[in-house]
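Notes for the one structure printed next.
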Amino acid sequence: MHFDNDYRMLINGKLVDATESLDVINPATEQVFATCPRASRDNLDSAVNAAKAAFKDWKKTPIDERRALLRKAGAMIAENAGELARLFTREQGRPTNLAKEEILGAAYWLTSTAALDLPVEVTEDTETRRIEVHHVPLGVVCGIVPWNFPVLLASWKIGPPLLTGNTVVLKPSPFTPLCALKIGEILRDVFPAGVLNVLSGGDELGPWMTSHSGFAKISFTGSTATGRRVMASASHDLKRLTLELGGNDAAIVLPDVDVDKVAEQLFAGAFGNTAQICVATKRLYIHEDIYDALRDRLHEIAKASRVGDGSKQGIKYGPIQNRAQYERVLDLIEGAKASGLSLLYGADVPQEGYFIPLTLVDNPPDESRVVKEEAFGPILPLMKFKELDDVIKRANDTEYGLAGAVWSADIEKAQEIAAELETGTVWINQNLESTPQTPLAGHKQSGLGAENGVHGLMEYTQPKAIYIPKSADAVS
Ligand code: NAD
């Protein structure tokens with residue numbers, strides 16, 4: 001498909017405009033480069049009604065047909081990956097080659113999700129009866145997506161609910177609506193009308209959706225603060241909820257690692273997507289024996305890393321995605337400076353655009369804001385530790401529980417530490433890994449429920465037990 005600069009919403013299989021529009025800013029230039037529809041309440045009602053009507057047939061559509069359509073959706077997104085990646089860079093900021101990886105990742109996710117299975121369970125099978133537990137779909141699902149991974153996370157809100165027989169109304173972030181709208185356009189004729197709807201809107205659209213009585217389920221990815229609002233809003237009619245929220249992930253580096261080998265990987269795990277990743281390393285605990293060497297190596301990498309407009313060649317790190325987040329991160333850096341912390345800066349960044357140098361903080365106290373808060377931007381605190389018990393306690397001393405990592409040549413010891421970390425995911429000698437078959441679950445204030453794998457499918461169904469006698473003797 002050739003992309004024009006015309007963006008419309010997908011409602012009931014048709015591309016639809018709204019009476020009001022929304023400006024979309026390129027974070028590398030701070031300029032508005034596109035406008036898209038700002039959905040009204042009527043648009044939302046139309047989308048929900050279309051999804052409700054489509055649910056009647058979709059839930060009865062044989063699962064193999066639903067699988068085939070999801071695979072087709074994946075293939076069509078992959079076919080358009082080049083155009084989508086260029087658009088992605090303009091609205092999100094990430095360098096185009098890395099944007100393309102996300103788009104191909106979304107295609108892979110849809111295809112792989114199509115292969116998952118949630119079979120009927122049999123809890124009893126005797127001479128007299130059989131009890132079956134079916135996993136039945138919920139109805140219309142509201143999928144709300146943040147701006148940091150606008151395409152991959154959209155695929156997570158599309159694949160599992162559609163596979164399990166639900167229909168979907170998807171809402172991208174107002175900061176990054178364009179790729180989701182184009183994906184709606186690309187998939188327009190793949191699914192029956194109303195099965196997948198895509199709405200773009202302003203800050204009012206999310207709360208309208210979470211309080212809309214037509215939704216059976218809200219699947220939300222975003223900050224913990226917003227997650228709490230979503231939960232409150234969904235409570236009046238007991239909507240089902242999946243919440244994937246913020247994190248303040250700790251990585252623990254033991255003294256037996258090869259500093260040169262791990263430094264690049266640790267750096268990528270913290271600063272990938274300019275540190276705007278929910279599961280990025282946000283606190284790095286380094287054993288005192290290797291602290292100075294690893295800190296210096298990380299600083300060298302920061303100084304050599306090119307930050308700039310993601311549409312230009314050779315850029316590895318783009319801007320912060322939006323002004324509010326840019327100002328939050330700047331405030332965190334100013335606060336760290338004002339309290340006398342030692343900051344180590346990476347390479348210079350362009351003046352125009354929401355750019356921040358990749359920054360390390362040299363052994364700040366545990367109670368400082370840069371350690372306590374989820375920065376969601378390129379400022380990484382490095383902390384020294386001596387004893388394992390102490391570092392595990394410090395790593396767990398947070399309201400969050402999304403992911404964590406342990407780096408050591410002793411994999412058994414690393415597994416013992418992994419068992420102690422209060423997070424839904426722990427990586428050993430790797431980071432940022434995720435697969436369509438494996439649940440990503442936020443513990444503590446990082447979420448509710450899980451996405452991906454069979455656990456993820458369960459979130460879009462409810463169990464229905466059917467007691468089946470082996471004979472009709474009781475009634476005849
Ligand atoms: P955000 O909470 O501000 O917004 C997320 C989405 O919610 C957007 O689409 C937004 O328009 C919508 N929204 C805002 N207020 C709403 C409301 N009251 N009701 C309903 N919807 C509302 O988050 P963000 O700034 O876009 O994303 C960054 C955050 O997302 C970080 O905290 C990050 O850790 C988290 N995140 C978590 C995961 C995960 O899987 N756990 C993945 C990516 C990002």
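The values are calculated or read from the model by the stated rules, or taken from the named source; none is laboratory data. Nothing here was measured: the structure is a model prediction, and the numbers come from that model. A quick note on method: Cβ atoms are made from the backbone with ideal geometry, for glycine too, and the neighbour counts reach across all protein chains shown.
Can you pull out every residue in region 391-421 that is more than 20 Å from the chain's Cα centre (by Cα) and of a type in the set (Asp, Glu)? I'd like the intermediate steps shown before the answer.
Step one: of region 391-421, the residues more than 20 Å from the chain's Cα centre (by Cα) are 391-398, 406-421.
Of everything in region 391-421, those that are more than 20 Å from the chain's Cα centre (by Cα) and of a type in the set (Asp, Glu) turn out to be Asp397, Asp410, Glu412, Glu416, Glu420.
Out of (1) near the ligand (Cβ under 9 Å from one of its atoms); (2) surrounded by 22 or more Cβ atoms within 10 Å (Cβ to Cβ), the odd one out for Ser233 is which?
(2)
If you go through region 77-114, how many residues are in contact with a helix residue (DSSP H, G or I) (Cβ under 7 Å, 6 or more places away or on another chain) and either over 26 Å from Gly318 (Cβ atoms) or β-branched (Val, Ile, Thr) (or both)?
Residues meeting the conditions: 7.
Just checking, how many residues over region 231-250 are closer than 22 Å to Pro161 by Cα and under 16 Å from the mean Cα position of the chain (by Cα)? Steps first, answer last, please.
Applying the first criterion (closer than 22 Å to Pro161 by Cα) to region 231-250 yields 231, 233-235, 237-245.
From the residues that got through so far, the ones that are under 16 Å from the mean Cα position of the chain (by Cα) too are 241-245.
Result for region 231-250: 5.
Does Cys142 meet the test of being touching a helix residue (DSSP H, G or I) at 6+ places or on another chain (Cβ under 7 Å), surrounded by 22 or more Cβ atoms within 10 Å (Cβ to Cβ) and within 24 Å of Lys59 (Cβ to Cβ)?
Answer is yes for this residue.
Could you list, in sequence order, all residues of region 160-215 that are part of a helix (DSSP H, G or I), of a type outside the set (A, V, I, L, M) and either more than 13 Å from the ligand (Cβ to nearest atom) or touching a helix residue (DSSP H, G or I) at 6+ places or on another chain (Cβ under 7 Å) (or both)?
Pro160, Pro161, Cys179, Lys182, Gly184, Glu185, Pro207, Trp208, Thr210
So which pairs qualify, if the first residue must be in region 196-215 and closer than 17 Å to Gly227 by Cβ, the second must be of a type in the set (A, V, I, L, M) and part of a loop (DSSP other than H, G, I, E, B), the Cβ gap must be under 7 Å, and the two must be at least 6 apart or on different chains?
Every condition considered, the pairs that remain are Leu205/Ala39; Leu205/Leu199.
Restricted to region 5-40, and to residues that are in a loop (DSSP other than H, G, I, E, B) and exposed (fewer than 15 other Cβ atoms within 10 Å of the Cβ), which residue is modelled with the lowest pLDDT?
For region 5-40, the residue satisfying everything is Asn5.
Which residues, taken from region 41-58, are over 21 Å from Asp189 (Cα atoms) and either part of a strand (DSSP E or B) or touching a helix residue (DSSP H, G or I) at 6+ places or on another chain (Cβ under 7 Å) (or both)?
Passing the criteria: only Arg41.
Of the residues Leu178, Leu199, Leu170, which single one is touching a Leu at 6+ places or on another chain (Cβ under 8 Å) and more than 21 Å from Gln276 (Cβ to Cβ)?
Leu199
Each row is one residue, and each column tells you yes or no for (1) surrounded by 22 or more Cβ atoms within 10 Å (Cβ to Cβ); (2) of a type outside the set (D, E, K, R).
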{"site": "Asp362", "(1), (2)": "no, no"}
{"site": "Ile379", "(1), (2)": "yes, yes"}
{"site": "Ala414", "(1), (2)": "no, yes"}
{"site": "Leu421", "(1), (2)": "no, yes"}
{"site": "Pro436", "(1), (2)": "yes, yes"}
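If you take the residues in region 216-230 that are more than 8 Å from the ligand (Cβ to nearest atom), surrounded by 16 or more Cβ atoms within 10 Å (Cβ to Cβ) and not hydrophobic (A, V, I, L, M, F, W, C), which one is nearest to Gly139 (Cα to Cα)?
So, considering only residues that are more than 8 Å from the ligand (Cβ to nearest atom), surrounded by 16 or more Cβ atoms within 10 Å (Cβ to Cβ) and not hydrophobic (A, V, I, L, M, F, W, C), the one nearest to Gly139 (Cα to Cα) is Lys217.
Out of region 434-476, which residues are of a type in the set (A, V, I, L, M, F, W, C) and within 14 Å of the ligand (Cβ to nearest atom)?
Answer for region 434-476, where residues must be of a type in the set (A, V, I, L, M, F, W, C) and within 14 Å of the ligand (Cβ to nearest atom): Leu440, Ala441, Leu448, Ala450.
Answer yes or no: is there a residue in region 291-312 that is within 30 Å of Ala51 (Cβ to Cβ) and either part of a strand (DSSP E or B) or within 16 Å of the ligand (Cβ to nearest atom) (or both).
Looking for residues that are within 30 Å of Ala51 (Cβ to Cβ) and either part of a strand (DSSP E or B) or within 16 Å of the ligand (Cβ to nearest atom) (or both), one finds none in region 291-312, hence no.
Contact list please: Cβ distance under 8 Å, first residue in region 65-93 and on the phi > 0 side of the Ramachandran plot, second residue in a helix (DSSP H, G or I) and of a type in the set (Val, Ile, Thr), pairs at least six apart or on different chains.
Taking only residues 6 or more apart or on different chains, the pairs are Gly93/Thr274.
Testing Val349 on (1) in contact with a Gly (Cβ under 8 Å, 6 or more places away or on another chain); (2) among the β-branched types (Val, Ile, Thr); (3) surrounded by 22 or more Cβ atoms within 10 Å (Cβ to Cβ), one condition comes back false. Which one is that?
Every condition holds for Val349 apart from (3).
Taking region 13-34 only, how many residues are of a type outside the set (Lys, Arg) and under 20 Å from Ile77 (Cα atoms)?
2
Picking from Leu341, Leu330, Leu360, which residue would you name as being in contact (Cβ under 8 Å) with a residue 12 or more places away in the chain and part of a strand (DSSP E or B)?
Of the residues listed, the single one that is in contact (Cβ under 8 Å) with a residue 12 or more places away in the chain and part of a strand (DSSP E or B) is Leu360.
Checking the condition buried (at least 20 other Cβ atoms within 10 Å of the Cβ) and assigned to a helix (DSSP H, G or I), which residue from Ala68, Ala99 passes?
Ala99
Which strands (runs of 3 or more DSSP E) sit wholly inside region 382-476 and have at least 2 residues that are closer than 16 Å to Val253 by Cβ?
Details: elements: 403-407, 425-428, 461-469.
Fully inside region 382-476 and qualifying: 403-407, 425-428.
Out of (1) more than 23 Å from Arg90 (Cα to Cα); (2) in contact with a strand residue (DSSP E or B) (Cβ under 7 Å, 6 or more places away or on another chain), the odd one out for Ala154 is which?
(1)
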